[in-house]
1. Taking all protein chains as present, what is the carbon and sulfur share of the accessible area of the chain, in % to the nearest whole number, probe 1.4 Å?
2. Which FRET efficiency value, to the nearest 0.05, do you get for K581 and A201 by plugging their Cβ-Cβ distance into 1/(1 + (r/R0)^6) with R0 = 30 Å?
3. Treat each spin label as a single point 7 Å out from the Cα along the C-beta direction, and report the T209 to T351 distance in nm.
4. How large is log10 of I(q)/I(0) for segment 512-625 at q = 0.15, 0.16, 0.20, 0.23 Å⁻¹ when the intensity is taken from the Debye formula with one equal scatterer per alpha-carbon?
5. Mean separation of Cα pairs under 8 Å and 6+ residues apart, divided by the residue count of the chain: what relative contact order is that in percent?
6. Under the definition of Cα pairs under 8 Å and six or more residues apart, what whole-number percent is the relative contact order of segment 449-600?
7. If you add up the charges near K229, with Lys and Arg at +1 and Asp and Glu at -1, over every other residue whose beta carbon is less than 12 angstrom from its beta carbon, what do you get?
8. What is the diffusion coefficient of segment 223-323 in µm²/s, taking the Kirkwood radius over Cα pairs and the Stokes-Einstein relation at 10 °C with a viscosity of 1.306 mPa s?
Amino acid sequence: MSKGLVIVESPAKAKTIQKYLGKGFSVEASLGHVKDLPKSTLGVDITNGFETDYIVIPGKEKVVAKLKKLAASADNIYLAPDPDREGEAIAAHLATELDENGTKKKKAKKAKKGEPEAPPRIQRVTFNEITKRAVQAAFDHPRAIDQNLVDAQQARRVLDRLVGYQVSPLLWDKVRRGLSAGRVQTVALRLIVEREREIKAFEKKEYWTIDAHLAANKPPAFDARFLGKGEEKVEIPNSEEAEKIRTALEKADWLVRSVDKKERRRNAAPPFTTSKLQQDASRKLRFSVKRSMMIAQRLYEGVELGDEGLVGLITYMRTDSVRVAPEAIQEVREYIGKEYGASYLPESPNTYKEKKEAQAAHEAIRPTSAMRHPDQIKQYLKEDEYKVYKLIWQRFVASQITPAVFDQTTVDIDAKNGNDSFWFRVTGSVLKFDGFLKVYEESKEGKDEEDEELKHKLPALEAGQKLTLKALKPEQHFTEPPPRYNEASLVKELEERGIGRPSTYAAILTTIQERQYVQKVGGKFVPTEIGLVVTDLLVENFRDIFDVQYTARLEEELDEIEEGKEKWTDALSEFYKKFQKDLKYAEKHMENIKRMEKPTDEKCERCGAPLVIKWGKHGSFYACSTYDKDDPNTCTFTKENPINLPDLDSADMQETGAAEEYCENCGRVMVLKRGRFGQFMACTGYPDCKTTRRLDQGKKVPDIPLDELCPKCGRNMMIRHGRYGEFTACSGYPDCKYVKQNFIGVKCPECKDGDLVEKRARKGNTFYGCSNYPKCKFTSANKPIAEKCPSCGSEYLVEKNLKAGPVIACANKECDYERPAPPPPPAAASASAPSHPA
């Protein structure tokens, strides 16, 4: 009998922990969440205190059954999912399932008089890093499940379910079926759409700069920039004004007005939080946010390091804290003193201010040992793992090194012509001591003023010194609109505005691309036509729920629930009042709105009536404006709309299209290639990296990484795109060929052992077959229902779609039992084609 059953999320994490616990412990994986709200119903009783109906996730029954069986024979059960809200919820759901089975049969022994009370049989253990020290310390101090954390996760889940289930059907009715609204994803989309409109509405304004190339008694010559006249700053609005100033400057006497020398110190950045890692990996490595998090997850759970075996290389990667454990600070200070010398080691450890909402129990993302230099373990890591580990290691080590020191010189210069005095300035910096820059430099968005200053090399200058004009360089400029968001800048914006939390950013960015609300053009987000339509409709009709400030306030409330300051049901009640008001307004306001369509100047080729643009499963299309679905005699003409992207003018294309595209898997440059099926983008890292993407009328159909883990090998699952549509498969292909089956929750009526799976034939039609194929060859063209026929006793009924409408009928052809089918719940209905044939 084992001392204890330990349950974690992933097989990789299980293997690493098993190594540290040794014999007597059995470590198993739950493969992520085991329970969730049902897909076919709302699963939340709004009238009864938001009571939730959690069920075992379809396909997870065997996992739960196995864990229950193991729990029945274990003395103790330790729940060790990740140390955050999601991990606590997984632990709570596991406890509920295992408590039904084992605790009733095997209760903890009662303590004798005078003895301390025996600990409960099911306990929670957490650790911020998977190392021997951290794991053993966690098992020495197990605790009860933190209900506040569970409540915060449940509140978020219910909020998202209420919005998704009650808003999405309005989009289906007014735009097209299959669209979705999300509490946070819609606000993120709104930011992208508003930025796009800001760019379109931006009016360029002309301005000029004048640089004077000057020389002193000794080299080097240098450039100073015009600031104004006398002591007053002046802008040069046009070429006429620039020419006037240039003419006056040619005859001017040039004198140094003042020289200001000062020492400037630049401090190191704190170690990574989740969002800062996502931003830096995006800018420096060209990795997508999703990709960075998947790699960090592998580094956290454990990587094989030769004789050392499985080793967790970094601390937990979902954190907003910059706190570092004292023992880690002591170790990194020892490393810095030994490797770089005393001048790089501050007298006392560097400390960093925490954000208000940061979770104090968490640490920053850091290597589990600063002594483990990236180059020492490079041979054991994949290329992308090495890059991310190196980034984390460098940032952490640099965070405990002394500041970089610069000598900065600012020179103001007067150009005098009679009574006119023109003011010029040049600033130059010299790196005096590299400090933390010896190890790492933080990436920045756009041009860096400090880098510009470092380019200016100045001679020795003093006030009153005469200078010689070598050349004048007037240059025309135009003000520029704000740039489109890329992944790094959108994450930064979301964090600064308090929308979502860093652990959710990867999912948000994935969802808005998967729904085709935005596309990446040159690495930057551009809203699609459907994205613009959806945003306008939702923002107009749900002014509270999709308001940026209100969404940020909700995140603060979730933090307060986690801290025990607010009840989760109170927060939901307050939210639902606002939501109901918005929902009533939207239903009333949208009641008389015709299904969304856009007038055009095009004429119908069949009847001559105007064409309108409508939206369907594959984007927008032209349709005859006279079409009426209730009148079979109206014109049904449709044709393709070749443009499914917002209009991009030449300036837009210069900004987005000309930019290099980088591989989302390895960060190398993508190049255009031609194959037998046409042009496609391919990674230059081939054959090491085989990433490609199709060029399908400008549409990108990327593989979408998921948090769900493969039950066979433990790698992340991905949504892939094949010739017959989307499917979910292991990211480890071709090593692992696991493909997720779409179970419908019905046992096979023929073999009684397998489960029925929704499948797609080569012709594209859907059918239902047994998961035990080819041993069992049961198939059905209609969807089976686990209900006996009340007329003939047949094992199951089926759903049929007849001209008169959907019905529930007996599967036995000789039985005529039939009844009308109930209307489908909002999320159960599948995405359909356009309102009439495309």
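The values are calculated or read from the model by the stated rules, or taken from the named source; none is laboratory data. Here the structure is a predicted model, which means the values were calculated and not measured. Virtual Cβ from ideal backbone geometry, glycine too; neighbours counted across all protein chains shown. Heavy atoms of the whole protein, side chains included, go into the accessibility calculation; ligands, DNA and RNA do not. Shrake-Rupley method; radii C 1.70, N 1.55, O 1.52, S 1.80 Å.
1. Details: 20940 of 42990 Å².
Accessible surface attributable to carbon and sulfur in the chain totals 49 percent.
2. Numbers: r = 31 Å, r/R0 = 1.03.
With R0 = 30 Å, the Cβ-Cβ based efficiency is 0.45.
3. 4.2
4. -0.89, -0.95, -1.13, -1.21
5. Numbers: 1540 pairs, mean separation 108.6, N = 838.
It rounds to 13 percent for the chain.
6. On the way: 80 pairs, mean separation 27.9, N = 152.
Across segment 449-600, relative contact order equals 18 percent.
7. Working: positive: K233, K244, K416; negative: E231, E232, E235, E241, D414, D420.
Local charge sum for K229: -3.
8. Values: Rh = 19.6 Å.
Translational D for this selection: 81 µm²/s.
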